[in-house]
Structures are given as C-alpha cells and as structure tokens.
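Down below is the structure, laid out as structure tokens.
The values are calculated or read from the model by the stated rules, or taken from the named source; none is laboratory data. Just so it is clear, the model here is predicted, and its values are computed rather than measured. Here Cβ is always computed from backbone atoms with ideal geometry, including for glycine, and neighbour counts include all displayed protein chains. Ligands, DNA and RNA are stripped out before the accessible areas are found, and what is left, the full protein with its side chains, is counted by its heavy atoms. Shrake-Rupley method; radii C 1.70, N 1.55, O 1.52, S 1.80 Å.
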Amino acid sequence: VQLQASGGGLVQAGGSLRLSCAASGRTLSSGVTAWFRQAPGKEREFVASIRWSSGGTLYADPVKGRFTIVRDNAKNTVSLQMNSLKPEDTATYYCAAGSMPWGLIRVEDQYNYWGQGTLVTVSS
C-alpha cells in the first residue's frame, strides 16, 4: 500500500489545518492508521491513531482536545483535523499504517507503511 499525505501549510497560531492521508494499492480499512510528526532537530513522535475495526482513537497528550482523527471508509482516507494550532505543532507530519496490539500503537516501528510527510508551520 502507498500512502499520500497532504494538507500541510503555513498557518498562524490559533488557526486550523486539515491533513489527509490517502491510500492506494490496498484498502486502509484494517489495522491502525496513525499520524506521527517530526519537528526540526527532534525525534519523530506519535500524534494520533484510529483503529479501523472499532473506530477507537488515541491521542498524544499535547494534542488532546485540539486534534481529531477521523476515517472515511468510502474514500479510504484518514484525516487529522488540527485546531487551535500552536508554534510547537510545527513539524513534518507523516501518516502510517499497520497492524498491532493496542499497547503498541504509539511505537513507530510497528507501522509497515509510511507516507512522504507534509510540512505544517505555525507562526506566532
């Protein structure tokens, strides 16, 4: 499966962006699809995930209450709605897909497929 992330851009603090992850080659409707991000000079970190079978979601503490991850079965896409953006949200955002137990969802090496990344820049 190939993943294509899109929707990044430049936004002022307090603004919103919606990222999209589209899959080709195979349906996403199994396992887990997640978003990770990597800020300049930092390691990549988990942001949010959604399990296709149950719709169950998981969020990193810094984004809880501001970001929402949703899936669209018909379009085979996963989106990340990001509201109340902060300068510290500036990063390249990656979508990833895989299958793993609930307890390993935040672990990036559990994901088999990765998109190319989309840059989000939040100005203060």
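Using a probe of 1.4 angstrom and keeping all protein chains present, the accessible surface of the stretch 19-124 works out to 48 square angstrom per residue.
In plain terms, the bigger the Kirkwood radius, the slower the diffusion; for the chain, with that radius from Cα pairs, at 20 °C and 1.002 mPa s, Stokes-Einstein puts D at 151 µm²/s.
Here S99 and E45 are evaluated by their C-beta separation; at R0 = 25 Å the FRET efficiency comes out at 0.75. Using C-alpha pairs below 8 Å separated by at least 6 residues, the relative contact order for the chain is 36 percent. Across the options A48, S24, G103, the greatest Cα extent toward the positive end of the charge dipole of the chain (unit charges at beta carbon of Lys, Arg, Asp, Glu) belongs to S24. Of interest is the spacing of the C-alpha centroids, which for the stretch 79-120 and the stretch 21-50 amounts to 3 Å. Taking label points 7 Å from Cα along the Cα-to-Cβ direction, R18 and W114 give a separation of 2.7 nm. For the peptides 61-74, 87-100, the ranking by mean Cβ contacts within 10 Å, running from highest to lowest, is 87-100, 61-74. Heavy-atom surface analysis with a 1.4 Å probe gives the chain a carbon and sulfur content of 47 percent of its accessible area.
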